[in-house]
1. Out of Gly402, Gly423, report the one residue that is touching an Asp or Glu at 6+ places or on another chain (Cβ under 8 Å), surrounded by fewer than 23 Cβ atoms within 10 Å (Cβ to Cβ) and at pLDDT below 95.
2. Any chance you could count how many residues in segment 220-253 are of a type in the set (Asp, Glu) and touching a helix residue (DSSP H, G or I) at 6+ places or on another chain (Cβ under 8 Å)?
3. List the pairs whose first member sits in segment 286-306 and is within 12 Å of Ala273 (Cβ to Cβ), whose second member is of a type in the set (Asp, Glu) and in a helix (DSSP H, G or I), and whose Cβ atoms are under 7 Å apart, counting only residues at least 6 apart or on separate chains?
4. Quick test of your reading of the structure: Val125 fulfils all but one of (1) in a loop (DSSP other than H, G, I, E, B); (2) in contact with a helix residue (DSSP H, G or I) (Cβ under 6 Å, 6 or more places away or on another chain); (3) at negative phi; (4) not hydroxyl-bearing (Ser, Thr, Tyr). Name the failing condition by number.
5. Of the conditions (1) in a loop (DSSP other than H, G, I, E, B); (2) among the small types (Gly, Ala, Ser); (3) crowded, with 23+ Cβ neighbours inside 10 Å, Ala381 clears all except one; give me its number.
6. Mind listing just one residue for me: the one in segment 260-276 that is among the small types (Gly, Ala, Ser) and over 20 Å from Val399 (Cα atoms) and, of those, surrounded by the most Cβ atoms within 10 Å (Cβ to Cβ)?
7. Condition first: crowded, with 23+ Cβ neighbours inside 10 Å, touching a Pro at 6+ places or on another chain (Cβ under 7 Å) and closer than 17 Å to Thr206 by Cβ. Can you find one or more residues in segment 102-119 that meet it?
Amino acid sequence: MPDAQSARGSAPVFLAGVLAAAFALSGCGQADGNSDDSGDAADAADEAPAPQEPGSDQFTIAATGDVLLHDNLLEEAAELAAEQDYSFAPLMSGVEDLIAGADLALCGLEVPIAPEGVEPVGYPVFAAPPEIAADLAEVGFDGCSTANNHSFDQGADGQERTLEVLDAAGLGHAGTARTPAEASEPQLYTLERGGREVTVAHLATTMLHNQGYPPPEDEPWRVSDVSPDELTQQAAQAREEGADVVVASVHWGEEYTDAPAQAQRDYGERLAAGGEIDAVFGSHPHTPQPMERLEGGPAEAGMWVAWSMGNFLSNQDEACCAPETASGTVAYATVEVDDDGARVRSMDWLPVTVDRGPTDDEPHRGIWSLRDLAEGEAPAAVELSERTIADRWSGILDVMTGRQLREQPPSPTGDAPVVVPRGS
């Protein structure tokens, strides 16, 4: 991983003007780079009901970008550890309210867990310490998608170990499997909301694989790599078996881009046309991309898609990669529950950003709420300069266009979800 730089400075006092200017410039219009045929979808998004704080008959599903544990993160987690070998929770504590405030929170785990006897290592062939699973649960995650181009960095042993460790931490998982029977099952979560039990089905798939570490040819079921029609069929099956809401994580697109590629858009529009999936959470580009409500979806009420949520916990920033890799979004789908069922009524977001370096020889200081930093609420531990914060804030608003930006994190509307073991 190349060295990265971030200037240091005091708490951002002058950012109020930058904040207002960024909203003025970015609060309307579609993000640059979107294809012309997205106009209708953008109009539909503008006409969608404004998000509200959920009540007892509503709840939120949060999803985040990539958990990508580079070497510098491993080193810092080892330094922070007390009773175990690694401790990642302190690096995520700055955004715990963004995760734990949701009723159901899903991560994008883009690293396999190291098999027994294998030392953890970062980029380019990842092997994560098992402690990451319990730490994700500690900050509020309930499950993760595991289908991506790094699923087999440690072969089938690492792929199976990942699911074993997630199970042990009480986390759900979707996208990879240990048996054909497990591969046929979505990850289910149940919540008591609106006076009834609501079942959320989580599906995941990847359109991408790394050439050097492909899935086993004789066991393709180990990772989901399906067409939009096949994913729609899986969603329909989940509904037939009792799911009220179906969300899908899709690993797709082109790295370091701020708008969906045509293949992404085609896949998403076919999912929307299938009418079975309520919301899609996209990953892989490592940079944020806009949200849209596409025509179609269940009951022709539209299907929300976060084209890419960028990075969550990573060691990427302006020095190694596109500047936007330093930040990501937490996407929140608000689900409305009534006697007739449950449906995703809106989607909105909050931004997060990392503070590291400025070189890989210096500490990683974790992930933080970018909105809080931009509004002058930088904790003492943050060493990002005012200019870096301002640039990241205006940059993410340029991409997201200010639409669906939340004022604050949600609050839980009831008891925590029950994670239903796959195959049970």
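The values are calculated or read from the model by the stated rules, or taken from the named source; none is laboratory data. Computed from a prediction, not measured in an experiment: that's the story for all the values here. We place every Cβ from the backbone using ideal geometry, glycine too, and count neighbours over all the protein chains shown.
1. Values: Gly402 fails: touching an Asp or Glu at 6+ places or on another chain (Cβ under 8 Å).
The match here is Gly423.
2. In the first step, residues of segment 220-253 are kept if they are of a type in the set (Asp, Glu); the result is 225, 229-230, 240-241, 244.
Imposing the further condition that a residue be touching a helix residue (DSSP H, G or I) at 6+ places or on another chain (Cβ under 8 Å) reduces the set to 229.
So the count comes out to 1.
3. Sorted first by the residue in segment 286-306, then by its partner, the pairs are Leu294/Glu269; Glu295/Asp40.
4. (2)
5. Going through (1) in a loop (DSSP other than H, G, I, E, B); (2) among the small types (Gly, Ala, Ser); (3) crowded, with 23+ Cβ neighbours inside 10 Å one by one, Ala381 breaks only (3).
6. In the first step, residues of segment 260-276 are kept if they are among the small types (Gly, Ala, Ser); the result is 261, 263, 268, 272-275.
Checking the rest, the ones that are also over 20 Å from Val399 (Cα atoms) come to 272-275.
Values: Ala272: 26, Ala273: 15, Gly274: 19, Gly275: 16.
Among them, the one singled out is Ala272.
7. no
A quick yes/no check of all residues on (1) touching a Gly at 6+ places or on another chain (Cβ under 9 Å); (2) acidic (Asp, Glu):
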position	(1), (2)
Gly275	yes, no
Val280	yes, no
Pro285	yes, no
Pro290	no, no
Phe312	yes, no
Ala319	yes, no
Glu324	yes, yes
